[in-house]
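To start, the structure itself, in structure tokens.
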Amino acid sequence: MNLNIRQTVMHNVKDNNIEQLQDTIVDSIQREEEQLLPGLGVLFEIIWKESAAEEQQRMLQTLENGLKH
């Protein structure tokens with residue numbers, strides 16, 4: 001079985017509005033289920049690719065700070 005996680009995730013959320021996207025992200029994080037992590041990774045990949053260099057640096061700083069707690 002050839003499962004393309006990127007295509008599946010993008011297909012499942014492509015028509016979602018902002019509130020639905022937020023609900024998807026929050027629900028995935030709150031459920032703490034390992035099988036949801038790849039989907040969050042796909043969403044983060046989209047965010048990263050669509051972000052300017054300054055925004056990427058801000059995300060990296062946020063990530064670094066969060067890992068220190």
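Bear in mind that the values in this text are calculations on the coordinates, not laboratory data. Since we're looking at a predicted model, the values are computed, not measured. Glycine also receives a Cβ, built like all others from the backbone with ideal geometry; neighbour counts cover every protein chain displayed.
Decide, for region 20-69, between rounded, prolate and oblate: order the square roots of the alpha carbon gyration tensor eigenvalues as a ≥ b ≥ c, take rounded if a/c falls under 1.5, and otherwise choose prolate if a/b is larger than b/c, else oblate.
Working: a/c = 2.25, a/b = 1.39, b/c = 1.62.
Oblate shape, in that a/c is at least 1.5 and b/c is the bigger or equal ratio.
Please give the helix 18-31 orientation as an angle from the longest Cα principal axis of the chain, in degrees from 0 to 90, rounded to the nearest 10.
Result, in degrees: 90.
Which GluC sites (Glu not before Pro) in the chain pass both tests, a DSSP loop state and at most 13 other beta-carbon atoms within 10 Å?
Answer in residue order: Glu32, Glu33.
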